[in-house]
Amino acid sequence: MNDLTLGDVETTALIPLMNRATETKRKNARIHDEKAVEIVRALGIDTKEYDKLVTHECVVARTIMFDETVRELIGRNPDAAVANMGCGLDNRFERVDNGRIRWFDIDLPDSIEVRKKVYRDTDRRRMIGASVFEPDWTSEIGTDNFVIAVAEGLFMYFDKEQHTRLLHNLTENFVHGYLVVELMKPSMMNEKKHDTVKHTNAKFGWGTDSGKELEELCPKIKLVSEHSFAEQLRKSTFASKIIGIVSAKFNNRLAVFHW
């Protein structure tokens, strides 16, 4: 596992992995991801550059909000197919599984090759190495399925044209579904403003002030809800609350769309 080779954007998957692992090991852990602990231990990577206070608290808040939202949508659509786009080394399936859903972890081929070192396909969980912009992976899920597409820590690395391509790929290949996505404001589209991303070679793409801007790119999707991670940050530890208050105007958001 220490022969880790990832592209610039895929390397950012190490950031939430490290933060979930260190949080899991805390006495009063707010999230639990034993797989993340196992992977970090096997990789033998120094977490210092990837586990900074602000990012740590934001990753915890983001994880809680994504888990709760995906779990709620699964509760309303218990036989849905879940497309976990840009999955990296994520293990959300274990935290939200209802025993019935079919789950697809999708990422670029090099990321999936790394992922296969620590995860295995099962009857209800499969890995797909593909670009999310191409239609091929949708047929592997089955385009007649109701899909819940999840995009955590992904869209901010795409430019406007790529946003458009992906949204049309989803809506043209799945009849109905939800998109659960993390959005970043234009004012934060500077890697040096982020205490962990700045240690990678990843580059941000296109940001939005409102999820409504995505509706303009793809009229089929409709914004259902949009909430700042600051809302969850203010519910947690003292440090988290301070970060939530200070960052309220420019924190990333979780948006849900339906088509």
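For n ≥ 4 DSSP H runs only, could you compute -39500 (n - 2.57) per run for the chain, divide by its residues and tell me the 222 nm figure to the nearest 500?
Details: 10 runs with 96 residues, N = 259.
Taking each H run of at least 4 residues, the total per residue is -10500 deg cm²/dmol.
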How much length would be gained if the chain were fully extended between ARG234 and GLU38, taking 0.36 nm per residue of separation minus their Cα-Cα distance, in nm to one decimal? 67.6 nm
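With a/c under 1.5 counting as rounded, go ahead and sort the range 6-125 into rounded, prolate or oblate using the C-alpha gyration tensor (a ≥ b ≥ c being the square roots of the eigenvalues; past the cut-off, prolate if a/b is larger than b/c, else oblate).
On the way: a/c = 1.86, a/b = 1.27, b/c = 1.46.
It is oblate, given that a/c is not under 1.5 and a/b is not larger than b/c.
When only Cα pairs under 8 Å and 6 or more residues apart are kept, what is the percent relative contact order across the range 64-175? Can you show the working numbers first?
Details: 154 pairs, mean separation 33.2, N = 112.
About 30 percent, as a whole number.
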Starting from the Cα gyration tensor of the range 56-139, take the square roots of the eigenvalues, sort them a ≥ b ≥ c, and report rounded, prolate or oblate (rounded when a/c is under 1.5, otherwise prolate if a/b is larger than b/c, else oblate). oblate
Based on the mean of other Cβ atoms within 10 Å per residue, sort peptides 99-105, 139-145 so the most packed one is first. 99-105, 139-145
Could you state how much accessible area GLU94 has, in square angstrom rounded to the nearest 10, with a 1.4 Å probe and all protein chains kept in place? 120 Å²
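Restricting the count to DSSP beta bridges whose residues both fall in the chain, what percent are antiparallel, rounded to a multiple of 5?
That works out to approximately 40 percent antiparallel.
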Per residue, how large is the accessible surface of the chain? Use a 1.4 angstrom probe and give square angstrom. 45 Å²
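Please compute the Kirkwood hydrodynamic radius over the range 59-194, one decimal place, Å, based on all pairs of different Cα atoms.
Working: mean 1/r = 0.0649 Å⁻¹.
Roughly 15.4 Å, rounded to one decimal.
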Accessible area of LYS235, 1.4 Å probe, to the nearest 10 Å²? 150 Å²
Cα shape, the chain, gyration tensor, a/c 1.5 rule: rounded
Take SER225 and ARG124, extend 7 Å from each Cα along the Cα→Cβ direction, and tell me the distance between the two endpoints in nm. 2.3 nm
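Roughly how many percent of the accessible protein surface of the chain is carbon and sulfur, given a 1.4 Å probe and a whole-percent answer?
On the way: 5770 of 11600 Å².
Here it works out to 50 percent.
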Set the bar at 31 Å for Cα to Cα. Now go through LYS25/LYS241; LYS52/LYS220; LYS117/LYS212 and name every pair that lies beyond it. LYS52/LYS220; LYS117/LYS212
Accessible area, probe 1.4 Å, largest first, for residues TRP137, TRP206, TRP259: TRP206, TRP259, TRP137
At a Cα cut-off below 17 Å, give the lysines reachable from LYS203, other chains included and same-chain residues fewer than 8 away excluded. LYS160, LYS185, LYS192, LYS193
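The values are calculated or read from the model by the stated rules, or taken from the named source; none is laboratory data. Computed from a predicted structure; not experimentally measured. Counting neighbours? That spans all protein chains shown, and the Cβs are built from the backbone with ideal geometry, glycine included. What goes into the accessible areas is simple: the full protein's heavy atoms, side chains included, and nothing from ligands, DNA or RNA. Shrake-Rupley method; radii C 1.70, N 1.55, O 1.52, S 1.80 Å.
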